[in-house]
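So the structure is just underneath, and the comments pick up after that.
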Amino acid sequence: MFLLKNVRYKKILDIADLLIEDQKITCITGESGSGKSTLLRLLNKLISSDSGDIYFNGEQPSSIPSVSLRRKVLMLPQTPVIFPGSVRDNLLIGLLFTGQKPVDDPLMVSILDWLHLHVDLDSDCEPLSGGEKQRLSIARMILIDPDVFLLDEPTSALDENTEQNVIDQVAQYAKEKGKTLIIVTHSKQLTQRIADIVVEIKSGKIISREVLRP
C-alpha cells in the first residue's frame, strides 16, 4: 500500500523505511510534536517531502493528480472541516469535490444513524457540538468511500463512550469493506482494541513497528 524510503521533511520527519500494509488498521503513536500528523499529510499529498521516496500501490503520489489521490486517500484532520449550510450540504459536498454522483436521503440518514448522529438533514451545522461535527465528517468520508482512511486524533472531540462506539464502527467498516485505516492516536486503549499494526514515532523517526494482529 504505502512504502516510504529515506523520507525527510524539514526537521520534523526522518523516516528511513516504513511499510503500511493494505487492508490493515495501523495506529501511529508517539508524543505530541513527534511528526505523526505530518506523516498523514505526506501520505495525502497535502505536503511534499524534501527528499526520499513515497510509493502508493507502487506509484509515487507526485505522479498522481491530487484530486485522484484524495479520492482514494482521504484525511480527517483533528479539527473537522464543516462548511456553512445544512447537514445534507456537508455530506454531499464531499461527493461533489471528488466528482461522484449525489446519493439519496435514506442512505445519508442511515449512515448518520449508524454513527449515532440523530440530526435532520435540513438542520444547520453551526449549532452542532465538536463531537457531532466529527461524526458528520466521518459520515462524509464513508459516503466518498476511499480506499484509505487517514484519521488524525479522531477521538479528540468525542466523549469516552461515543469514542469507543464510533471508532469501533469505523474499524468494523474498514474490515468488512477491505479498506486501509491509518489512525494517529494517543489512546493506548484504542490501539490495543483495534490496531493490527502499531507504529511509534519519536522525534520524527520510526522507533518501533509492532504487529498485534497478523
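What follows is calculated from the coordinates using simple rules that are stated; it is not laboratory data. Note that this is a predicted model, so its numbers are computed, not measured. Heads up, the Cβs are rebuilt from the backbone with ideal geometry, glycines too, and the neighbour counts pull from every protein chain shown.
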Read-out semi-axes √(5λ) of the Cα gyration tensor in Å, candidates (1) 29, 19, 15; (2) 58, 20, 12; (3) 49, 18, 13; calculated match is (1)
Note: probe point = Cα of residue 123 + 7 Å toward Cβ; backbone nitrogen < 13 Å; residues of region 78-107 passing the test are 86-88
With the charge dipole of the chain built from beta-carbon charges (+1 for Lys and Arg, -1 for Asp and Glu) about the Cα centre, the Cα from 74, 42, 138 projecting farthest to the positive end belongs to 42
Once both label points are put 7 Å beyond Cα along the C-beta direction, the residue 21-residue 57 separation in nm becomes 1.9 nm
For the chain, the longest principal axis of the Cα atoms and the Cα long axis of helix 160-177 enclose an angle in degrees, to the nearest 10, of 80 degrees
For the chain, the charge dipole (Cβ of Lys, Arg +1; Cβ of Asp, Glu -1; about the Cα centre) points to a positive end, and the Cα of 207, 149, 197 closest to that extreme belongs to 207
Over the Cα atoms of region 50-121 the radius of gyration and the largest Cα-Cα distance (Dmax), both in Å, equal 15.8, 47
A chain fully extended from residue 100 to residue 193 at 0.36 nm per residue, minus the present Cα-Cα distance, gains in nm 30.1 nm
Note on the chain, DSSP bridge orientation, antiparallel percent to nearest 5 equals 55 percent
If the chain between residue 93 and residue 207 were fully extended at 0.36 nm per residue, the gain over the current Cα-Cα distance would be 37.1 nm
Ranked output for segments 120-127, 1-8, 201-208 by mean other Cβ atoms within 10 Å, highest leading, reads 1-8, 201-208, 120-127
Note to self: C-alpha centroids of region 179-202 and region 4-73 sit apart, in Å, by 16 Å
